[in-house]
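What follows is a single structure, written as structure tokens, with notes after it.
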Amino acid sequence: MRPLLRIWRVRNFEGSRTGIKVVNAGLGPAIVTATVVRLDGEVLGEWDRSTYRRVTQGQPVRPKVSTLKQGVPLLTGQELYLMFLDDYDPAEHGWFWRLVSERLSIEIFYESMYGGENFRCVLDPREEAQA
């Protein structure tokens, strides 16, 4: 029963939810063991409220957030937005899309309920640019 996490950027039509979403598309729960967040290549720390505040510092609007801490389970089929705007407007929130699509990298390390596998999923615009 292997969990399979995927992180996606979701850009929807105007007036709907846009942001970064993690999905467990596997067959078992994923237990988060660590997260690493980078902004413009600089490691900021784990995906917690402190890092979120650093990522969004100086921005005109604070997006909504869900944090991921060690030991948090993501159940089979669960979808969780890590950071998002509900009423996305491309003209008003272009800074947000640039942040999540060009500047922000998130790695999630996880394991099944049996433990010890050290699975990893990553959302990194630098890796995507090389592909």
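In nm, what is the difference between 0.36 nm times the number of residues separating VAL122 and ARG6 and their Cα-Cα distance?
Between VAL122 and ARG6, full extension yields 41.0 nm more.
Run the 1.4 Å probe and let me know the accessible area of THR33, rounded to the nearest 10 Å².
Counting only protein heavy atoms, the figure is 40 Å².
Could you order TYR114, TYR52 by accessible surface area, starting with the largest, using a probe radius of 1.4 Å?
TYR114, TYR52
If you average the C-alpha positions of segment 1-36 and of segment 52-86 separately, how far apart do those two centres end up, in angstrom?
Cα centroid of segment 1-36 versus Cα centroid of segment 52-86: 11 Å apart.
For the pair THR56/VAL72, report the inter-label distance in nm, with labels modelled 7 Å from Cα in the Cβ direction.
Result: 1.4 nm between the two label points.
Give me the accessible area per residue for the chain, probe 1.4 Å, as a whole number in Å². Could you put the intermediate results ahead of the total?
Numbers: 6970 Å² over 131 residues.
Dividing the accessible area of the chain by its residue count gives 53 Å².
Please give, to one decimal in nm, the separation of the simple spin-label points placed at ASP87 and ARG49, each 7 Å out from Cα toward the Cβ.
Going from the ASP87 label point to the ARG49 one covers 2.5 nm.
In terms of solvent-accessible area of protein heavy atoms at a 1.4 angstrom probe, what is the ranking of MET1, MET113, highest value first?
MET1, MET113
Let me know the charge dipole size of the chain about its Cα centre in debye, to the nearest 20, where only the beta-carbon of Lys, Arg (+1) and Asp, Glu (-1) is charged.
Values: 17 positive and 17 negative charges, 36 e Å.
Once rounded to the nearest 20, the dipole reads 180 debye.
Just to verify a number: what accessible area does PHE119 come out at with the full protein assembly present, 1.4 Å probe, Å² rounded to tens?
40
Using a 1.4 Å probe, how large is the accessible area of VAL43, given in Å² and rounded to the nearest 10?
Looks like 80 Å² after rounding.
For the chain, give the percent of accessible area contributed by carbon and sulfur heavy atoms, probe 1.4 Å, rounded to a whole number. Write out the running numbers ahead of the final one.
Values: 3400 of 6970 Å².
Ligands and nucleic acids excluded, carbon and sulfur reach 49 percent.
The values are calculated or read from the model by the stated rules, or taken from the named source; none is laboratory data. No experiment lies behind these values; they were computed from the predicted model shown. With ideal geometry, Cβ positions are generated from the backbone for all residues, glycine too; neighbour counts draw on all protein chains shown. For accessibility, only protein heavy atoms count, side chains too; no ligands or nucleic acids. Shrake-Rupley method; radii C 1.70, N 1.55, O 1.52, S 1.80 Å.
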